[in-house]
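Comments concern the structure below.
Where a number appears in this text, it was derived from the coordinates with a stated rule and is not lab data. Being a predicted model, the structure only gives us computed values, none of them experimental. Ideal geometry is used to build each Cβ from the backbone, glycine not excepted, and the neighbour counts take in all protein chains shown.
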Amino acid sequence: MGKIAFLFAGQGSQYAGMGKNWVPLYPEAQEVYEEANEAAGFDLAKLTFEGSIEELTRTENTQPVLVAMSVAAYRVYMNRIGAPADLMAGHSLGEISALACAGAISLTDAIRIARKRGLLMQAAAADGAGAMAAISGVDQAEIEKQCALASRDGYSVAISNINAPSQIVISGHKEAVQSAIEALKSIGGRAVPLKVGGPFHSSLMAPAAESFSEELLKYSFKKGPFGTPVISNISGRPYEGGEQIVANLVKQIVAPVQWVASMKYLAEQGVTTAIEFGPGAVLTNLMSRTAPEIQTLSFDKSPSLEVIKETVEQVQTVPTSGSRPALSLLARSLGIAVSTRNRNWDQVAYKKGVSEPYKQIQQLQEKLEQEGREPSLSEMKEAVLMLESVFKTKGTPPEEAVERFEQLFAETGTGHLFQDYKVMV
């Protein structure tokens, strides 16, 4: 049986009108916004649904708005589907959303903390001295080297976000950021300046971190370990307990976001499926570049709750591979089907090409276990055809499909039975 992780979006994922279509449908979401409005001291719901992108991108607005939307989506999921997560993680600001959903922070406090965090970060960046840029095409060690060389004459730049192996963000003084960009381009790197409100996750945020530390001391947090472990951005490992909340959230403002380490930790722990809460699908896209074996669904962009529900049910019912290679081929096929990333959100096609063939093999697996017999070659071929259908429907790249079939045959010791098999993707 695979594990499930919940991911919570951070700043930069917001868009005008986010949540407007689905939030009014669910009373539990409306309750979240009523509480969030009172905690924020303004009509946060109206800003979320009707505000311009310029208003939503103001850091002091973005942060509480994202927490409210993420928690609203989480509560809809829990009320309508109910399958809990084994682990949670939030990107930067999203860590506050994760802590709220794990029961470590109340929703009211989470909204107020996010609002204050945004105000302090915006104030620290008010002089316009900072900048950020996304770097690709060069490895992390080279980026660190060039940032160190560019940090001189009172200016500094450093890595601020390790979002994916192919996407690392740098942050600092404009002059140092530009110098690092030029150096990295000269050795084949690519750089995209980011339109953000300040040099986040850098030493320039130190004044904000100091004030934020004082603010957090006004709140009470859950003592001891959480019901669901939450991954810390600064370590890529779970919180040991609520006693770490203040220190971790303060350090996070000036320290790099260790998102790659966090996602790899999820994979190491056996997570096969993740649900992204919040607007858009930024974290879903990053997962495809960091741990593609983890199938990730965006709550906001999924065609329906039913698709998410079916996916979660598949994760929960995937049987553990038995000791017999032929029997485990069916189990491994089911596991691979669940963990393969979906790139096709046509609900009708998904049902026909994924859900229905999956259920057929699942039923066959159960029948074989009840009868205590191994599958015939034709029954094993049914499982292979099911995977083929899943790959086609989910839009799996051919090279990935080939790799997964090779993995299946190698792990189950059935390669000799499928020597002439051609992947039809």
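When the dipole is taken about the Cα centre of the chain, and only Lys, Arg (+1) and Asp, Glu (-1) are charged at their Cβ, what size is it in debye, to the nearest 20? Don't skip to the end; give the middle numbers.
On the way: 39 positive and 47 negative charges, 47 e Å.
Here the chain has a charge dipole of around 220 debye.
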Note to self: Taking loop as defined by DSSP and a crowding limit of 15 other beta carbons within 10 Å, which chymotrypsin sites (Phe, Trp or Tyr not before Pro) in segment 194-250 fit?
What the structure shows: TYR219
Check: Between segment 226-266 and segment 39-71, what's the alpha-carbon centroid distance in Å?
Finding: 24 Å
Note to self: Longer than 24 Å from Cα to Cα, which of LYS174/LYS301; LYS367/LYS394; LYS218/LYS251; LYS20/LYS222; LYS309/LYS394 are they? Say none if no pair is.
What the structure shows: LYS174/LYS301; LYS367/LYS394; LYS20/LYS222
Margin query: Averaging the inverse of every distinct alpha carbon separation and then flipping it gives the Kirkwood radius. What is it for segment 130-198, in angstrom units?
Written below: 11.4 Å
Item checked: Gaussian network model of the chain, springs between alpha carbon atoms under 10 Å - residue of ASN163, ASN342, ASN79 with greatest fluctuation -> ASN79
Margin query: Under the rule of at least 5 residues apart or a separate chain, name every residue whose amide H is placed under 5 Å from the amide H of PHE8.
Written below: ALA89, GLY90, HIS91, PHE277
Margin query: Multiplying the sequence separation of ARG190 and ALA129 by 0.36 nm and subtracting their Cα-Cα distance, what value in nm do you get?
Written below: 19.7 nm
Checklist line | Point-to-point label distance, LEU217-GLU356, nm (Cα→Cβ direction, 7 Å offset) | finding: 6.4 nm
Next item on the list: Between the alpha-carbon centers of segment 344-369 and segment 101-178, tell me the distance in whole angstrom.
Entry: 43 Å
Checklist line | Cleavage-rule hits, trypsin sites (Lys or Arg not before Pro), segment 233-310, DSSP coil, Cβ neighbours within 10 Å at most 12 | finding: LYS301
Margin query: I'd like the antiparallel share, as a percent to the nearest 5, of DSSP beta bridges with both residues in the chain.
Written below: 50 percent
Next item on the list: Please identify every one of the trypsin sites (Lys or Arg not before Pro) in segment 324-425 that sits in a loop by DSSP and has no more than 16 other beta carbons within 10 Å of its own beta carbon.
Entry: ARG343, ARG373, LYS422
